[in-house]
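Throughout, read-outs are computed from the coordinates displayed, never taken from laboratory work. Please read these numbers as outputs of a predicted model, since none were measured by experiment. When we count neighbours, we look across all protein chains shown, and the Cβ atoms used for this are built from the backbone with ideal geometry, even at glycine.
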Amino acid sequence: MKRSKLDDVLESIFEDQGPQGLVESLSFLFGAFSITKDGIVVGANQAFCELLGYELEELLEKPLIELVVEDQQDCLNKIFSSKSHQPHQSHELALNSKNGQLKYTRVSPKRFIVRGETYRFTEFVDITETFHAQRKLQESEERFKAIFQHAAIGFVRASLKGEWQELNQKVCDFLGYSEEELRKLSFAEVTYPDDHTLDIKLINELKAGTRKSYSLEKRYIRKDGKIVWGQLTVSLIRDKNDNPEYYVLFIEDIGAQKKLNDKLKTSDLIVSASSDMLAVLDENCTYIAVNHAHARAFNRSPSELVGVPASEILDKEIYDSLVNMRKHKLESGEEVKFNSWYNYPGTGRQYMNVAYSPIFDKAGTYKGFAVSARNITDLKIAEMEMRELNEKLERLSFIDGLTRITNRRMFDESLDSEWNRAVRTDTSISFVMIDIDFFKHYNDHYGHLQGDECLVKIAQTLKTVASRSLDIVARFGGEEFALLIPSSNIKQAYQLAERCRREIINLQIPHATTEVEGLNIVSISAGVSSMTPTIKSSAFTLIDIADKRLYKAKEAGRNCVVFE
């Protein structure tokens, strides 16, 4: 197998200074790493000791496999038994630290031979925080999917154009269509014509920002032609700049409730077995009929409520807001519907969908009203969790969609954070601006699909080279990449940039239209800058210097690194 320059460097330093000397020589280039012989630790840098909480003397002569969790020890054996030389291959392993806590790492082993003896140079990148963040996000996504798919209410996510983007099975059951069939229909095609105008009016109010959501009862046309009633709640989700993104719809089958409300004109039709809270009050707001669910919410029996004024059961503030303020609407024959949170003495805090239906005798005299209150707490919580998940996904959307490395947005935040840290600790920070040489020629010649593949290869290679946990590799824009290297000086940053340049050359990606002299493969140019920030200095200066040096690298013929 062909030896690399790194093989020669490792062997030379090892022969002169031994394993720990090799460790000390390479600590500024790499993060946490160890050197093993036959699986036994013979050298480790300070970063590796700090990662696991051991002193160096405790690690030396210790089998590395003892640090790996039991169910991954076979994986380590396979990695170390391999005689192949794959410099960019990495694996994820969980390590046992001295205090018993698990450290999740990305392991990059490198095999080298000195005087016929085989050694392993293994770098460990701490990904513990990333591992836990990804697991929490996955659990949150799975919880949301379960809520979405198995909810007892219809969920829909719709585009601003009215297209069905996501919907659960409950919507399909309610309308009698398959998901594939619904995606071919507009909302207007499943809406009863007389109800469509009001829907459009409320949608326009959402777009205009005059309301955040709306709820209404409306009729739908099923696939079999039947007319069904649904309680529709619509919210418009906006991005952080307050631009509309999509609609969230909740559709509840209220056919049974609608029929009940239509018939609920006298107390003898109250369904005691209903889980909804049902009651009838006379014109003086005194209970004349109550079902068990309603009475249970107040820690009473139905007989204990009948004949009692509602003002004696409800707190004055609640009574005034729920009854007195709506009484004139009921007396005029208007139904009153609203959603609100309540703290019931018997059943606790619940989010209720409430309907007041006025009752008149044959002469048209107002005789009181019927109350129907449904517990929709699960629906409200699902809505809140979905909004929270959307916000969380927004916060975590810091990865470039093509290359899967840090995007410009996350880079800017990281630069600001690392810059402020460097000011506090009076340490230097370095920056490398990288540009792919004649990439426009490449795209024109090979096409954009192959151009995308080239960008991905280069991004992953840069990420492999700049593998310290502190280092940040980002797509800066187009074919430009950026390396942010905290706690490093100009020399160290230059060496890292030069390693990146060589590794890109080693990829041997064909580039028939490059104008770099002597090359017919893809290459990069880089500008390097380094500063020790102060309160008065600006991170933009760091970027500007690197950008100007990148320009010098291009003037010098490209395929080079300029750091002064």
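Side notes on the structure shown:
- Dipole in debye (nearest 20) - segment 301-389, about Cα centre, beta carbon charges: Lys, Arg +1; Asp, Glu -1: 220 debye
- Alpha carbon Rg of segment 272-373, scaled by the compact-globule rule 2.2 N^0.38 Å: 1.01
- Potential lengthening between Leu137 and Ile65 on full extension [0.36 nm per residue; Cα-Cα distance subtracted]: 22.9 nm
- Taking the Cα centre of the chain as reference, the dipole from Cβ charges on Lys and Arg (+1) and Asp and Glu (-1) amounts to some 760 debye.
- Normalised by the number of residues in segment 408-562, the average gap of Cα pairs under 8 Å and 6 or more apart makes the relative contact order 33 percent.
- Surface/4 of the Cα convex hull for segment 408-562, nm²: 8.5 nm²
- Hydrophobic long helices, here whole DSSP H runs in the chain with Kyte-Doolittle means of at least 1.6 and Cα atoms spread over 30 Å or more along the helix axis, are not found.
- This model, with +1 at the C-beta of Lys and Arg and -1 at the C-beta of Asp and Glu, gives segment 408-562 a dipole about its Cα centre of some 440 debye.
- Two-site FRET efficiency, Lys491 against Glu312, from Cβ-Cβ distance with R₀ of 60 Å, rounded to 0.05: 0.10
- Think of the chain as having a plus end and a minus end, set by charges on the Cβ of Lys, Arg, Asp and Glu; of Ala556, Ile153, Leu198, Leu198 sits farthest toward the positive end of this dipole.
- Between the C-alpha center of segment 544-564 and that of segment 297-332 there is a gap of 78 Å.
- Hull volume per residue, based on the alpha-carbon atoms of the chain and their convex hull, is 242 Å³.
- Spin-label pair Ile200/Leu389, simplified geometry with 7 Å Cα→Cβ offset, distance in nm: 3.3 nm
- Taking the helices alone, the chain has a mean residue ellipticity at 222 nm of -12000 deg cm²/dmol, built from -39,500 (n - 2.57) per DSSP H run of at least 4 residues and averaged over all its residues.
- Solvent-free Debye scattering, log10 I(q)/I(0), computed from the Cα coordinates of segment 132-253 at q = 0.09, 0.14, 0.16, 0.21 Å⁻¹: -0.27, -0.64, -0.81, -1.28
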